[in-house]
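**Student:** Encoded as C-alpha cells, here's the structure I'll be asking about.
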Amino acid sequence: MNKLSYPLYQHRSGWNALLPPRTNTQLLSTELNVDVAVIGAGYTGIAAAKRWQELAPDDAIAIIDASVVGEGTPGRNSGFLLEIALANDARPEHMQRMMKCNALIGATLEKIVAAVDKSDIDCALRRTGTYRAAAGRLGRKALEQYRSFLHGAGLPYERLDRAALLQRLGTGFYQEGLYSPHCYLAQPAALIRALAQQLPPSIRLYENTPATALTRTGNRWLIETPDGAISARKVVLANNGFSKMLGVGKSQLVTIYTYAAITPVLEQGMLESLGSEKNWGLLPTHRLGSTLRRTEDGRMMIRSRYGYETETSNGLVAKELMRGLQQRFPQLNASEFEHVWGGAIGFTFNGGPIWGEVKPGLFVSAGCNGGGVVKGTLFGELLADLANRRKVADVAGLFGRASWMPPEPFRALGFQLISAVERYRGRAEA
C-alpha cells in the first residue's frame, strides 16, 4: 500500500500535458517561519490562503504543494463546475438544506469566474450546462429521482429521449437523459493555474515541496519537507485524501483513484458524426458509471473505473476506457488515447467532509468525494473565516460530517465487496 504523504502518479495529467510547461516555480530549500502554512495548492488551499490574506493582511502566509500547479490532483479532474449540488432526494426537509447549499455554491462559482476573467490564462471556462443520462433500469430510476429534485427545487431542466441524445451528443447508448443549464466546463489544469496566478505577491507559493511530516512543537506546528521545513502558528491542511498520512482522518478517510483518458483532436468528418453539440459534459447516473466530455477543440474524454489506495496500471485502464468510449460511440475510429492518467479522490463512507479545527491551530478540509472544484473553493474560504473567528455557515449541518470507517483490512475488504456489488448492479452504466 502507498505510504507516501502525497500522490506519486504514473503519468502526467493529460490536461496539463496540453498546456505549455509551467516555469519560474520555486522549491522550498530552507527553514521558514510564517504565521500560516497551507499544505496543498489546490482549489481549497488557494481559496483558504486568498481569503486569509483578505482577513489578516499582515499575516505571513506560505503554500506548499507536492507537485507543480496543474500537474497535481486539482488538474486531473473532469473539469465540471456545478452551480447546484447533486441530489437525488426531493423530501421537503432535504430540499431546504440543498437550497442553502446551492446558494453558497452559486456565490462561490461567481468568485471563480471573476478570478478567471482577471487571468491571461485561457481556461476554456464556458457555461455549457451538463447532461445526465441512463442506459439501464437502475440508471433510469436514479435519473427520475434527480428529475424530481430539480422539479421540486424549481430548477430548470430538459428531458431527453434516446433520439434527442443521439442528435445532440452523437450516441445512442443511453435510453434517456436530462439537461441542466447549471454547470460550467473548464480545462481543469488551466483553471487551477489561473487561480494560482491570482494569489497576491505576499503569499509565497512553493511547488515540488511535499509535506512529509506534521508535528506540534510547543505552540507552533512544524512541517517537514524533503529540502526544508516550515514553522507555523497555524496550518491549513488542504491535501484531501492524503491528510490521513499527516495524522488527520485515519478512521474516516480513504484515497480512491479514478482514471481518465483523452483522444487526439478528431478529424472533422468524425466530429460531424458526433452530434450537434460541440462542447458538452455528461455525468453518469450511477456512481460507478462513466463521465464523458467533448472539448471545444474536438477531443473526447472519458473518466471511469476506481482503484483503492493505489494506482492501477494505466496500460490496463486504457483498454477498458477505450472499450467504454467505443461502446458509446461505435463510429469513433481512434485506436488509442493521446493521454491516460489517474487522479486521487478523498473518499468518506457517508459522503460528508472532514472540516474544521481538529487540533489547536490545525484547520482541515478533506474528503471531497469527487466534488472538489466549487465546493472545495467554498470550504477553503469558510475555513479561513473560521480560523479568523468570523461567523461561518454550518458546514456539518449543510454538507454532513464524515463518519467512522472500520480499520484495515476490513476497510479494504468492505470496499472491494461493495464495489463488486455496485459494479454488477450498475453494469449497464459502466
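**Student:** Working only within region 114-145, note down all residues that are in a helix (DSSP H, G or I) and in contact with a Leu (Cβ under 7 Å, 6 or more places away or on another chain).
**Tutor:** Across region 114-145, the qualifying residues are 115, 116, 143.
**Student:** Hey, can you tell me all the residues within region 236-271 that are over 22 Å from residue 370 (Cα atoms) and either of a type in the set (D, E, K, R) or in contact with a Ser or Thr (Cβ under 7 Å, 6 or more places away or on another chain) (or both)?
**Tutor:** Matches in region 236-271: 267 only.
**Student:** Do we find a residue being in a loop (DSSP other than H, G, I, E, B), under 17 Å from residue 62 (Cβ atoms) and of a type in the set (Asp, Glu) anywhere in region 208-226?
**Tutor:** Looking through region 208-226, none of the residues is in a loop (DSSP other than H, G, I, E, B), under 17 Å from residue 62 (Cβ atoms) and of a type in the set (Asp, Glu).
**Student:** Pairs please, first residue from region 219-234 and farther than 20 Å from residue 6 by Cβ, second anywhere and of a type in the set (A, V, I, L, M) and not in a strand (DSSP E or B), Cβ atoms under 8 Å, 6+ apart in sequence or on different chains.
**Tutor:** So the pair list comes out as 234/387.
**Student:** Could you tell me which numbered condition residue 424 fails, if it satisfies all but one of (1) modelled with pLDDT under 85; (2) of a type in the set (Phe, Trp, Tyr); (3) closer than 27 Å to residue 196 by Cβ?
**Tutor:** (3)
**Student:** Need pairs with beta-carbon distance below 9 Å; first residue polar (S, T, N, Q) and modelled with pLDDT of 90 or more and within region 357-374, second part of a strand (DSSP E or B) and buried (at least 21 other Cβ atoms within 10 Å of the Cβ); sequence gap 6+ or separate chains.
**Tutor:** As it stands, the answer is 365/236; 365/237; 365/354; 365/355, since those pairs meet every condition given.
**Student:** For region 22-82, please list each of the strands (runs of 3 or more DSSP E) lying entirely inside it that holds at least 1 residues being among the small types (Gly, Ala, Ser).
**Tutor:** Values: elements: 31-39, 61-64, 80-82.
In region 22-82, 31-39, 61-64 are the strands (runs of 3 or more DSSP E) which contain 1 or more residues that are among the small types (Gly, Ala, Ser).
**Student:** Let me ask something else about it. Identify the single condition in (1) over 30 Å from residue 12 (Cα atoms); (2) assigned to a helix (DSSP H, G or I); (3) within 24 Å of the chain's Cα centre (by Cα) that residue 190 does not satisfy, given that it satisfies every other one.
**Tutor:** Only one criterion is unmet by residue 190, namely (1).
**Student:** In addition: Inspect all residues belonging to region 73-83 and state whether any of them is touching a helix residue (DSSP H, G or I) at 6+ places or on another chain (Cβ under 8 Å) and β-branched (Val, Ile, Thr).
**Tutor:** Checked against the condition, which is being touching a helix residue (DSSP H, G or I) at 6+ places or on another chain (Cβ under 8 Å) and β-branched (Val, Ile, Thr), region 73-83 yields at least one hit.
**Student:** Determine, yes or no, whether residue 84 is at pLDDT 95 or above and on the phi < 0 side of the Ramachandran plot. Working first, answer last.
**Tutor:** Details: at pLDDT 95 or above: no; on the phi < 0 side of the Ramachandran plot: yes.
When the stated conditions are applied, residue 84 does not pass them.
**Student:** Which residues, taken from region 282-308, are of a type in the set (Gly, Ala, Ser), in a strand (DSSP E or B) and surrounded by fewer than 22 Cβ atoms within 10 Å (Cβ to Cβ)?
**Tutor:** 307
**Student:** Given 273, 290, 304, which one is of a type in the set (Gly, Ala, Ser) and either more than 27 Å from residue 348 (Cβ to Cβ) or at pLDDT 95 or above (or both)?
**Tutor:** Going through 273, 290, 304 in turn, the sole match is 273.
**Student:** State yes or no: is residue 30 farther than 15 Å from residue 234 by Cβ and surrounded by fewer than 19 Cβ atoms within 10 Å (Cβ to Cβ)?
**Tutor:** The answer is yes for residue 30.
**Student:** Quick one: in region 156-170, which of the residues that are touching a helix residue (DSSP H, G or I) at 6+ places or on another chain (Cβ under 8 Å) and surrounded by 16 or more Cβ atoms within 10 Å (Cβ to Cβ) is farthest from residue 98 (Cα to Cα)?
**Tutor:** 160
**Student:** Right, another one. From the residues in region 1-21 that are small (Gly, Ala, Ser) and in a loop (DSSP other than H, G, I, E, B), which one is modelled with the highest pLDDT?
**Tutor:** Of region 1-21, the ones small (Gly, Ala, Ser) are 5, 13-14, 17.
When the remaining residues are screened for being in a loop (DSSP other than H, G, I, E, B), the result is 5, 13.
Values: 5: 79, 13: 96.
The residue in question is 13.
**Student:** Return yes when residue 173 is crowded, with 18+ Cβ neighbours inside 10 Å, in a loop (DSSP other than H, G, I, E, B) and of a type in the set (Phe, Trp, Tyr) and no when it is not. Don't jump to the end; show me each part of the working.
**Tutor:** Numbers: crowded, with 18+ Cβ neighbours inside 10 Å: yes; in a loop (DSSP other than H, G, I, E, B): yes; of a type in the set (Phe, Trp, Tyr): yes.
Yes.
Residues checked against (1) surrounded by fewer than 22 Cβ atoms within 10 Å (Cβ to Cβ); (2) more than 20 Å from residue 82 (Cα to Cα); (3) modelled with pLDDT of 95 or more:
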residue	(1), (2), (3)
233	yes, yes, yes
236	no, yes, yes
243	no, yes, no
277	yes, no, yes
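**Student:** On to the next question. Since residue 157 meets every condition but one in (1) touching a His at 6+ places or on another chain (Cβ under 9 Å); (2) modelled with pLDDT under 95; (3) not small (Gly, Ala, Ser), which condition does it not meet?
**Tutor:** Failed condition: (2).
**Student:** Name the single residue, out of those in region 176-205 being of a type in the set (D, E, K, R) and either farther than 30 Å from residue 146 by Cβ or touching a Phe, Trp or Tyr at 6+ places or on another chain (Cβ under 6 Å) (or both), that is surrounded by the most Cβ atoms within 10 Å (Cβ to Cβ).
**Tutor:** Only one residue fits best here, namely 193.
**Student:** Here's a check for you: in region 206-231, which residue that is among the small types (Gly, Ala, Ser) and more than 20 Å from residue 365 (Cα to Cα) is surrounded by the fewest Cβ atoms within 10 Å (Cβ to Cβ)?
**Tutor:** 218
The values are calculated or read from the model by the stated rules, or taken from the named source; none is laboratory data. Note that the structure is a prediction, hence the values are computed from the model and not measured. All Cβ positions, glycine included, derive from the backbone under ideal geometry; neighbour counts span all protein chains shown.
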